[in-house]
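> A single structure is presented below for examination.
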Amino acid sequence: MSAIDVKLLRKQFKVQKNREGLAGALKDLLKREYTEMTAVKDISFQIPEGEICGYIGENGAGKSTTIKMLTGILVPTSGHLRVSGFIPHKEREKFVQNIGVVFGQRSQLWWDIGVIESFRLLGKVYKVPEADFKRRLDELVQRLDLGDLLNRPVRKLSLGQRMRCELVAALLHNPSILFLDEPTIGLDILVKTEIRDFLLQLNREQGTTILLTTHDLQDIEALCSRVIMLDDGRIIYDGSLDNLKDNWSKGREVQFQFGSSVQLQVLNGLTSGMDVKWTKGNELQASMWLPNHVNVSDALSKVVGMGNADIRDIKIIETNTDEIIREIYKTDKVSS
């Protein structure tokens, strides 16, 4: 069953045209002119229950606009969507009981009151029974280590502390779908790791469906098995992260540390007939570049198996997701 079902979804906005100069400003006061901008252009996708899906794209690609339609904040211009069986903007009250939302740059907590008071207010908003609220709160506070923060005003929390509290706020009513819009923006690596581990555990233990937008592609690599990529309001890739890497990665690099000096000619001889390229770092270091069609194990067996080289250390370096995504946008190529 699909947790999210989107068909030919479109969102258009009217944007005011500002005319130049003082005369133009006066004309704008008397008669405004508008131009139409399409932020999301007839996109379609389905997300099954229990999947963690990364929704990525450059600034202005349409990611946040899509999330706002999926959460009922914006009404689509055209198209069809169902989230957890509901049409978000039409069945708002019932619909919100099934979703949790975290916007990394906005807060759903009250700034000047204690964190626990924000949680209690949200429990009332979502009409969570008292016993369920207490059980759920205790579980989340323990898992995210928030015990010492509950009585602090939100304004006195660090960014990392606040983001952990935002996650609790979004999950108090035990939603089946969690929308995360830039949840790790501005956080240090330790807090990011804690949040990623928590989300993986949540998905694994409770089957929570997660749709994640982020500019931090390490979030995608750590959490997502599937990626939907947007460019100028259109989907240009929808598939597995592994397939994205296989299709777009330029290859892999194997770095060797030798115990004694080795000649480039000797290394080329070891892999003769294979489509690999050797480069020397210094007398004791060399790198072997392998395109995707060359098996790493086969290449390594040629080098190690010959026994002619005094190898002390080997490191395999994959092309990372950041480089792949940059290359796709730079070359304007797509894969699906």
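The values are calculated or read from the model by the stated rules, or taken from the named source; none is laboratory data. All figures in this text were calculated on a predicted structure; none of them were measured in a lab. No Cβ is skipped: glycine too gets one built from the backbone with ideal geometry, and neighbour counts run over all protein chains shown. Just so you know, the surface numbers come from the protein's heavy atoms only, side chains and all, with ligands and any DNA or RNA stripped out. Shrake-Rupley method; radii C 1.70, N 1.55, O 1.52, S 1.80 Å.
> Send over a whole-number figure in Å² for the accessible area per residue of the chain, probe 1.4 Å.
53 Å²
> Follow-up. Where a ≥ b ≥ c are the square roots of the eigenvalues of the C-alpha gyration tensor, would you call the range 56-151 rounded, which needs a/c under 1.5, or, failing that, prolate if a/b is larger than b/c, or oblate?
prolate
> Where a ≥ b ≥ c are the square roots of the eigenvalues of the C-alpha gyration tensor, would you call the range 177-236 rounded, which needs a/c under 1.5, or, failing that, prolate if a/b is larger than b/c, or oblate?
oblate
> Here is a follow-up. For residue 285 paired with residue 134, estimate the spin-label separation in nm (one decimal), with each label point 7 Å from Cα along the Cα-to-Cβ line.
Result for the modelled spin labels: 6.1 nm.
> Run the numbers for residue 193 and residue 105: contour at 0.36 nm per residue of separation, minus the present Cα-Cα distance, in nm.
Length gained between residue 193 and residue 105: 29.8 nm.
> Which trypsin sites (Lys or Arg not before Pro) in the range 106-206 sit in a loop by DSSP (not H, G, I, E or B) and have at most 11 other Cβ atoms within 10 Å of their own Cβ? Spell out each step's value before the answer.
On the way: sites: 106, 120, 124, 127, 134, 135, 136, 143, 155, 156, 162, 164, 192, 196, 204; in loops: 106, 127.
Passing sites in the range 106-206 are 106, 127.
> I'd like the orientation of helix 115-125 relative to the chain: the angle between its Cα long axis and the longest Cα principal axis, in ° from 0 to 90, rounded to 10.
Computed tilt is about 60 degrees.
> Carbon and sulfur: what percent of the chain's accessible surface (1.4 Å probe)? Before the final figure, lay out each step's value.
On the way: 8490 of 17760 Å².
Here it works out to 48 percent.
> At q = 0.18 Å⁻¹, what log₁₀ I(q)/I(0) does a Debye calculation on the Cα points of the range 1-78 give, no solvent, two decimals?
-0.80
> So, one more: Restricting the count to DSSP beta bridges whose residues both fall in the chain, what percent are antiparallel, rounded to a multiple of 5?
If I count the DSSP bridges inside the chain, around 70 percent turn out antiparallel.
> By how many degrees, between 0 and 90 and to the nearest 10, does the Cα long axis of helix 130-143 differ from the longest principal axis of the chain?
On a 0 to 90 degree scale, this one is about 30.
> Add -39500 (n - 2.57) for each DSSP H run of 4 or more in the chain, then divide by its residues: what number comes out at 222 nm, to the nearest 500 deg cm²/dmol?
Result for the chain: -10500 deg cm²/dmol, rounded to the nearest 500.
> Treating the beta-carbon of each Lys and Arg as +1 and of each Asp and Glu as -1, no other charges, what is the dipole magnitude of the range 212-310 about its Cα centre, to the nearest 20 debye?
340 debye
> Need the list of lysines near residue 7 for cross-linking: C-alpha distance under 26 angstrom, and skip anything on the same chain fewer than eight residues off.
41, 63, 68, 90, 94, 333
> Between helix 296-306 and the chain, what is the angle of the helix's C-alpha long axis to the longest principal axis, kept within 0 to 90° and rounded to the nearest 10?
Relative to the chain, helix 296-306 is tipped by roughly 30 degrees.
> Per residue, how big is the convex hull of the range 146-188 when only Cα atoms are used? Give it in Å³. Don't jump to the answer; show the numbers that get you there.
Values: hull volume 3.7 nm³, N = 43.
Considering the Cα atoms of the range 146-188, their hull volume per residue is 85 Å³.
> Output needed: percent of Cα pairs per 10 Å distance bin for the chain, bins running from 0 to the one holding the longest distance.
P(r) for the chain, in whole percents per bin: 5, 20, 23, 20, 15, 10, 5, 1, 0.
> For the range 160-260, give the share of DSSP beta bridges that are antiparallel, in percent and rounded to the nearest 5; count only bridges with both residues there.
55 percent
> Expressed as a whole number of Å, what is the distance separating the alpha-carbon centroids of the range 11-42 and the range 90-153?
39 Å
> For the chain, build the charge dipole from Cβ charges (+1 Lys, Arg; -1 Asp, Glu) around the Cα centre, then report which of 43, 193, 324 sits farthest towards its positive end.
43
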